[in-house]
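Read-outs: derived from the displayed coordinates by stated rules, not from any lab. This is a predicted model, so every value here is computed, not measured. Virtual Cβ from ideal backbone geometry, glycine too; neighbours counted across all protein chains shown.
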Amino acid sequence: MAITHADLSNFHQFACAKLANDTVESMHELLDLWLLKNPPLQEQAETMDAIREGLANVEAGQVHDFDKVNADIREKHGWSNPS
């Protein structure tokens, strides 16, 4: 997907605000922060699909008891139960 002038302008505004209010160590960190707040459209679509699938599973009764799953994972990894 091609970058538009609006994309660049939005990133510029974000970067200026970050630099005015926070310490940013590198351009890579700045880009990582941008991507956390502005995930690519494909990633957003995949996230929404996963949420819809999860909700459909709940509606269909295809769920697992959290306490049971938590206990199974803790036992598998040798982790103690929190008190």
What is the fewest-to-most order of F14, F66 by other Cβ atoms lying within 10 Å of their Cβ? F66, F14
Hey, got the dipole for the chain? About the Cα centre, +1 on K and R Cβ, -1 on D and E Cβ, debye to the nearest 20? 120
Using only the alpha carbons, work out the radius of gyration and Dmax of the chain in angstrom. 20.5, 54
Net charge contributed by nearby residues that have their C-beta within less than 15 Å of E53 (K/R +1, D/E -1): -2
Before rounding to the nearest 500, sum -39500 (n - 2.57) across all DSSP H runs of length at least 4 in the chain and divide by the residue total; then give [θ] at 222 nm in deg cm²/dmol. -23000 deg cm²/dmol
Put +1 on the Cβ of each Lys and Arg and -1 on the Cβ of each Asp and Glu in the chain; which of H64, H77, L33 then has its Cα farthest toward the positive end of the dipole? L33
Go ahead and run the numbers for FRET between D32 and I3, Cβ-Cβ distance against an R0 of 25 Å, rounding to 0.05. 0.90
Report the calculated FRET efficiency for D22 and A56 (r = Cβ-Cβ distance, R0 = 41 Å), to the nearest 0.05. 0.55
